[in-house]
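Heads up: the structure comes next, in structure tokens.
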Amino acid sequence: MEMSCGWLFLVLVFGCSVVVMTNVQMTLRAVAKDPADFMFDIPVSNNDNQQEKRQKEIQSRIQRDDEDFSKPPLAQEGINENNQNESFSSNFRNRRKRNVPISKNLQKNSHITKLVLLRAIGNPLPPRHDPEQAYQNLRFTLEHERDFPHLRKHWILNRLVDTNVLQRLRSLLDQHGQNYTLIPFDLSEYEKVSYNFTYYQPVNDVIHTREYIDQTLKGYYQIDEAINQDKNLFVTNQNAARNFMIDIGISTGEDWILPWDGNCFVHPKAYAAIYNQLKEMPENKNYAYTPMNRAQENKEVLLEDYQPDAIEEPQVILRRSANARFHPLLRYGRRNKVEFLQRLKVKGKWDHWTPYLSWEKKNLGPFFTPIVDMVEPTPKIGWVTRLSSGQQHLEKKGTIHERGQSRLESMDNLLGKLDTRVAVELYGFKPGHTLLYFHSSALKRD
């Protein structure tokens, strides 16, 4: 059996021709032709009656959302920044009635500033994350996070490889009446993405060299990361999903777009600070950033005296007319959001990190391209909390290196499992069989 990939060796790894990033983006944009499709997951029934019913329901939801935006907030209910006694409601049916006023003078504005918060949920990655992290954090958010005035919420289910995890998340979102979009994971498409042995220099076949054999565990994972670059990029799909969220935000028409990570939780005081600053933002400011607090336990954000320590890597906010996008070739774990922050001239501990490696600059660059519609300095507004990964020992201060090492191990584990699935599900591999993995064009050439 011939599979077009790799170099000649007997090992259980599989894959084929590299998927070009532009093709991934084209696929995402093709999904986004009709703004109404943002209200539900992608698949559409071929049954005419079901399609007609679906379209009516979509228009009804859009109308309800627009009506909610047009209603003034309830000035006598909710909190302001000085009131710490307002309790959270975990009763979903009452949440819409408890909208939080951001400013008593909001109704006097000729234009009501509107926001759209989009959050992408990706694959849980043990041991970096608890296996139940995605489900537990989504449930916590849906039960405890308010519906805020003038804020539309939308979720992205981003290439979840485990169908059981995907189904549980979809059921939870449906149960709480949430709008979401599915970016599906296709094992046959993953199979087309090959290992790349040319990225890591100075030798191509590095895994058969003494340099690789003598590596430390960290060095071993770093070399594997270079070989796995394209596979990692395809599976995690983070920056492509962020850019996709921006496209959705542009289509839904709000003034400001928040393309945030799936574990972000918005506290009422945080939203008050974010909204009040955005509605007063000068017209020449197209970007802002929101510092992040890392929660060790989710329940701490429900405390009346909750005080965030927002010193972690920020989230980004863009005006609807902003032109900049996230770098499409930077994978998970390689500062794919930090590169955007540095282009915005946002200072942080990342300014002292080791620069991108030579092979990354050569094959993935250029990096740090100027943002032409940015006016310095980029405003810092509000704060946001990142819910716990479920691994409390990795959420403490001073564990950045441990988190990085854990990420490397997690991705190595995930890709190994997916490659095994390719062998078994697509090629009928069974234990006890020998699978020959080789590069047919290289054999012909040599």
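The values are calculated or read from the model by the stated rules, or taken from the named source; none is laboratory data. From a predicted model like this one, the values you see are computed outputs, not experimental measurements. Cβ coordinates were reconstructed from backbone atoms using ideal geometry, including for glycine residues, and neighbour counts include every protein chain displayed. Remember, those area values only see protein heavy atoms, side chains included, never the ligands or the DNA or RNA. Shrake-Rupley method; radii C 1.70, N 1.55, O 1.52, S 1.80 Å.
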Query raised in the report: Tell me, what is the 1.4 Å probe accessible area of Trp256, in Å² to the nearest 10?
Result: 0 Å²
Query - Ordering of 342-351, 236-245 by burial proxy (mean other Cβ atoms within 10 Å per residue, highest first) - result: 236-245, 342-351
**Report entry** Global size of the range 268-387 as Cα Rg and Dmax, reported in angstrom
**Finding:** 15.9, 51
Query raised in the report: With each pseudo-label sitting 7 Å past Cα toward Cβ, what's the His176-Lys361 distance in nm, one decimal?
Result: 4.4 nm
Query - Computed label-point distance, nm, for sites Lys349 and Gln215 using a 7 Å Cα→Cβ extension - result: 2.5 nm
Query raised in the report: What FRET efficiency comes out for the pair Ile112/Glu132, r = Cβ-Cβ distance, R0 = 35 Å, nearest 0.05?
Result: 0.35
Report summary line: Within the range 178-219, DSSP-loop chymotrypsin sites (Phe, Trp or Tyr not before Pro) with at most 15 other C-beta atoms within 10 Å are none
Query - Additional length obtainable on full extension of the chain from Glu300 to Tyr427, 0.36 nm per residue less Cα span - result: 40.9 nm
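Which sequence of Ser171, Ser410, Ser358 reflects their accessible areas, 1.4 Å probe, from the largest down?
Ser358, Ser171, Ser410
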